[in-house]
1. Restricting to helices (runs of 4 or more DSSP H) lying wholly in region 95-195: which have 1 or more residues that are at pLDDT 60 or above and surrounded by 10 or more Cβ atoms within 10 Å (Cβ to Cβ)?
2. For region 62-82, what are the residues that are assigned to a loop (DSSP other than H, G, I, E, B) and under 17 Å from residue 4 (Cβ atoms)?
3. Considering region 62-78 alone, what residues qualify as being open to solvent by 50 Å² or more (accessible area, probe 1.4 Å) and either in contact with a Ser or Thr (Cβ under 7 Å, 6 or more places away or on another chain) or not small (Gly, Ala, Ser) (or both)?
4. Which residues, taken from region 40-61, are of a type in the set (A, V, I, L, M, F, W, C), in a helix (DSSP H, G or I) and surrounded by 15 or more Cβ atoms within 10 Å (Cβ to Cβ)?
Amino acid sequence: MPSLQTLEISADLIDRARAGDRYAHESIYRLLSKPVYTLIRRLVVRPAVAQDLLQDVFVEVLRSVSCYSGAGSFIGWVRSIAVSKSLMYLRSPWHRSLIWLGTDGIVSLHQEAAEAAAESMDADLERALEALPAVSRAIVWLHDVEGFTHTEIARLFRRTPSFSKSQLARAHLQLRERLEPPEGGLACMPISKNC
């Protein structure tokens with residue numbers, strides 16, 4: 001499945017959508033729904049919430065497409081709407097009420113759903129990402145995969161760039177701890193007594 005970064009939508013299709021053409025709206029949805037869902041799903045663990053957010057994103061995109069000025073990439077505009085909707089959910093009191101402080105740190109009520117979801121990434125990496133707190137996971141995805149800068153991430157979270165940098169550093173450390181084998185783990189697997 002192509003990522004949002006590699007997709008292109010013709011100016012003609014965008015112009016037709018801006019004019020209210022239903023078929024152009026449908027074409028945009030068909031082209032972008034899977035990559036947008038993938039982006040949202042990487043930021044929000046629960047599949048049902050990701051589906052709801054996907055619908056919210058496309059309602060806003062299709063309602064606002066006539067206001068799209070053409071300045072900048074259309075895909076970038078859609079991506080910014082998807083990221084904003086996802087981050088609004090993560091900041092919402094509803095989402096925060098689903099998290100509690102456990103004995104080993106922040107634990108999600110929907111941990112089983114997070115562990116069960118392994119779509120297109122390597123299963124170990126997927127599990128490691130889903131084990132991260134929601135904000136850390138979002139920052140890793142936005143920075144490392146979507147290519148956002150620390151300044152852009154800070155603006156989205158209404159924080160400072162140093163917040164983004166420190167969250168990313170902590171998240172990378174947690175990912176390394178989960179994904180790297182322990183020291184001496186597989187370095188020497190004895191085949192004979194002379195190892």
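1. Counting at least 1 such residues, we get 123-131, 134-140, 150-157, 161-179.
2. Within region 62-82, 68, 72, 73 qualify.
3. Result: 62, 63, 67, 77.
4. 40, 43, 49, 50, 53, 54, 57, 58, 61
The values are calculated or read from the model by the stated rules, or taken from the named source; none is laboratory data. Note that the structure is a prediction, hence the values are computed from the model and not measured. Quick reminder, even Gly has a Cβ in these numbers, built from the backbone with ideal geometry, and neighbours come from all protein chains shown. Surface areas here come from the heavy atoms of the whole protein model, side chains and all, with no ligands, DNA or RNA. Shrake-Rupley method; radii C 1.70, N 1.55, O 1.52, S 1.80 Å.
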